[in-house]
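Data first, discussion second: the structure below is written as structure tokens.
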Amino acid sequence: MARITYGLVGLVALSTAINMVSAHEGGHGDAQFKMPGDADYEKPTVELTDFKPSTIKAPFLEQFTSSWSERWTPSEATKESNAEGEVFSYVGAWNVEEPTVYPGMKGDQGLVVKTAAAHHAISASLPEVVDNKDKTLVVQYEVKAQNGLECGGAYMKLLTDSPDGIKFKEFSNDTPYTIMFGPDKCGATNKVHFIFRHKNPLTGAVEEKHLTAAPRAKLDSLSNLYTLIVKPDQTFDIKINNESVSTGTLLTSFTPSVNPPKEIEDPKDSKPSDWVDEAKIVDVTATKPAEWDEDAPMRIVDEKATKPSDWLEDEQNEIPDPEAVKPEDWDDEEDGDWIPVSVPNSKCQNVSGCGKWVRPTISNPAYKGKWTAPLIDNPVYKGVWAPRKIANPDFFEDLAPSNFDKIGAVGFEIWTMQNDILFDNIYIGHSTEDAEKLAEESWKIKFDAEKKQEEKARPEAPEVKAEKSFKEDPIGVSIRELKEFIEIAREDPMLAMNSRPIVVSVLAGVVGVSFGLFLIILGLMSGASAESNNVGKAKKTDAVTADDKEEKETKSSKGKSKEESAARKRTTAAASAGKSDDE
């Protein structure tokens, strides 16, 4: 019966708590109380801006609006791996769609890699061929790795214009390109590629020039902006999210170098047979000094050392565990003599040492080791030999490699383990101002909105601040206790009541008022009859009688018994709560 009553009081208390919290937070009596973790709990949303196509004019500006499939052609080529003799097809699917992770604008679409663990290739022709002679080249686009990117490429290729035209359906890794730019990540590789192909003016051979110190890529579920700027003075600047991450020149920051050396080593020259390239030789005239003792030990006993006064020679550093007990199933005949495990000797913890004391050793001042003859300068040394230099027959000098081969198309030719990589807002032109303006009206707005969504989705760290006492803020403390009580009660009502006794007391008091009024009414109604029944049993004197003493002792004993019983219940409940927490 007591359990049923306790459960009813708890149920009423929990219901009262929910209504009180709802009322405190501005809710209505009939409003549903929702908290994080509820199935219908909705996270705060971020207001998104409507996408508007840019009015910027450029040789190539792609925002993947309507009719994108008329401009972009998926490749139908195959890709052969010469190392393993395998042939791969570009089977990766493409689509233009809005992002599914942290959308930054309403109605904004991008080109999306749809197939995981596949080769992808797609390209589009430029409305006009880009000739960068004596101009600034700006390449900019967005990469949004919605599922992250553990292994794969997200770089872009600017395809070289050809008199025969570019065969888009045959676009592959063998298709000539002028510049390759963008992020690439797999295993230990994590960098932003900047590769340009340069033609040797003497032989006509084309060679790839790789940025020597490529910056690290930034790839996550947010839209990251990649920008490459190459100026006519041969300097370049790579930016990620409008911040410069790598600068240099086309003439000195690439491997192999654009221009070959003026002189090279003569391949026909060889080192003469009598060439001496040993700078030092052993002094054959040197002899070991008479006082040199090769047998002297490196270390000797310190004869000046004395035993510390607190050294305990009669004690050992480890002793048998005095609390160890021989197992009941130990058989001396089969298992051998039982020996308790050793434990550190507590007597040796705060002293210099235990056991037999021996003098320590020190470095021997007379030690010199094995004698060897010293080295002296070689009188016939001629220096380090190197082949003589001759003029490089293949030397040329191109001081303007920024005059790249003409660009006729743009394409993505990648392999990736993750899908849903989104590309958007591709700009290829000559204006840094237009590229910055495009970033401001597209990427910047999206990036800010995406960051807000990411922050809201991230679990908030609990704010650490000094909590006010009940005396300082009775309402605030009561509401906080009620919230914590409700959170615990969702999982374990009994634990909530045991861990928040103050809340239970307050709620019980609130509930008790109603019960108290009911009991008062009952008491008033039955008071008259009770009084009449007790009149005959009333004492005729105020003096203490033997019956009074016995009754008082009996009540005291019962009260003490109830207190002890309640204390045991509280102890048991606390232990149960602690066990639940540990489990």
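Please go through the stretch 171-210 and write out the trypsin sites (Lys or Arg not before Pro) that DSSP classes as loop and that have at most 11 other C-beta atoms within 10 Å.
Hits after loop and neighbour filter: nothing returned.
How much net charge surrounds Trp385 when only the other residues with a Cβ under 12 Å from the Cβ of Trp385 are counted, with Lys and Arg +1 and Asp and Glu -1? Let's see the in-between values first.
Values: positive: Lys271, Lys382, Arg388; negative: Glu265, Asp269, Asp274, Asp277, Glu278.
That works out to -2.
With r as the distance between the Cβ atoms of Arg480 and Lys304 and R0 = 51 Å, compute the FRET efficiency 1/(1 + (r/R0)^6) and round to 0.05.
Step by step, r from the Cβ atoms, then E = 0.15.
Please report, in whole Å³, the volume per residue of the convex hull around the C-alpha atoms of the stretch 384-442.
Details: hull volume 17.6 nm³, N = 59.
Dividing the Cα hull volume of the stretch 384-442 by its residue count gives 298 Å³.
Once you sort the root eigenvalues of the Cα gyration tensor of the stretch 329-453 as a ≥ b ≥ c, which label holds: rounded (a/c under 1.5), prolate (a/b larger than b/c) or oblate (the other case)?
It is oblate, given that a/c is not under 1.5 and a/b is not larger than b/c.
What list of ³J(HN,Hα) values in whole Hz, one per residue of the stretch 156-173 in order, does the Karplus curve 6.51 cos²θ - 1.76 cosθ + 1.60 (θ = phi - 60°) give from phi, with Gly and Pro shown as x?
Values per residue, Gly and Pro as x: 10, 10, 9, 7, 6, 5, 10, x, 7, x, 8, 8, 5, 6, 9, 4, 8, 5 Hz.
Which whole-Hz ³J(HN,Hα) couplings does the stretch 216-229 yield from phi under the Karplus relation 6.51 cos²θ - 1.76 cosθ + 1.60, θ = phi - 60°, glycine and proline marked x?
Per-residue couplings from phi come out as 6, 7, 10, 9, 7, 6, 8, 7, 9, 9, 10, 10, 10, 10 Hz.
Count neighbours as other Cβ atoms within 10 Å of each site's Cβ, and list the GluC sites (Glu not before Pro) in the stretch 131-175 that are DSSP loop with at most 12 such neighbours.
Here no GluC sites (Glu not before Pro) fit, given the DSSP loop and packing criteria.
Per 0.36 nm of contour for each residue apart, how much would the distance between Ile362 and Glu440 grow if the chain were fully extended, relative to their Cα-Cα spacing?
20.8 nm
Greater than 21 Å separation of Cα atoms is the criterion. Which listed pairs, Lys185/Lys406; Lys57/Lys199; Lys106/Lys446; Lys157/Lys239, meet it?
Pairs exceeding the cut-off: Lys185/Lys406; Lys57/Lys199.
Skipping prolines and chain starts, which residues have an amide H placed within reach, meaning under 5 Å, of the one on Gln316, given they are 5 or more residues away or on another chain?
Excluding prolines and chain starts, which carry no amide H, there are no hits.
Filter the cross-link list Lys144/Lys191; Lys79/Lys169; Lys79/Lys209 down to pairs whose alpha-carbon distance in this structure exceeds 20 Å.
With Cα atoms farther than 20 Å apart: Lys79/Lys209.
Could you calculate the FRET efficiency of Lys231 with Glu265 from 1/(1 + (r/R0)^6), where r is the beta carbon distance between them and R0 is 30 Å, rounded to 0.05?
Given R0 = 30 Å and the Cβ-Cβ separation, E is 0.30.
If each residue of separation counts as 0.36 nm, what is the full-extension length gain between Thr255 and Glu97 once their alpha-carbon separation is subtracted?
Values: separation 158, 0.36 × 158 = 56.88 nm, distance 3.88 nm.
Extra length from Thr255 to Glu97 when fully extended: 53.0 nm.
So, R0 is 35 Å and r is the distance between the beta-carbons of Arg71 and Asn242; what FRET efficiency does that work out to, to 0.05? Provide the component values of the computation, followed by the final result.
On the way: r = 27 Å, r/R0 = 0.78.
So the FRET efficiency works out to roughly 0.80.
Quick one: which residues, 5+ away or cross-chain, put their amide H under 5 Å from the amide H of Lys406? H built at 1.01 Å from N.
Close amide H contacts, sequence-distant or interchain: Asp161.
Zone of Leu202 (label point 7 Å along Cα→Cβ, backbone N under 12 Å): which residues in the stretch 369-402?
391-398
Collect residues whose amide H, placed 1.01 Å from N in the peptide plane, falls under 5 Å from the amide H of Ser246; neighbours closer than 5 in sequence don't count.
Correct list: Ile238.
First select every other residue whose beta carbon is under 12 angstrom from the beta carbon of Thr136; then total the charges, Lys and Arg +1, Asp and Glu -1.
Summing Lys/Arg as +1 and Asp/Glu as -1 gives -2.
Work through the residues other than Asn224 whose Cβ is under 15 Å from its Cβ and net out their charges, Lys, Arg +1 and Asp, Glu -1.
So the surrounding residues net to 0.
What's the center-to-center distance, using Cα atoms, between the stretch 214-228 and the stretch 313-372 in Å?
Between the Cα centre of the stretch 214-228 and that of the stretch 313-372, the gap is 61 Å.
Kindly write out, for the stretch 440-447 in residue order, the coupling ³J(HN,Hα) from the Karplus curve 6.51 cos²θ - 1.76 cosθ + 1.60 (θ = phi - 60°), rounded to whole Hz, with x marking Gly and Pro.
5, 8, 10, 4, 4, 5, 5, 4
No lab work stands behind these numbers, since they all come straight from the coordinates. Everything numeric in this text was worked out from a predicted model, so none of it was measured. In this analysis, Cβ positions are derived from the backbone assuming ideal geometry, glycine residues included, and neighbour counts consider all displayed protein chains.
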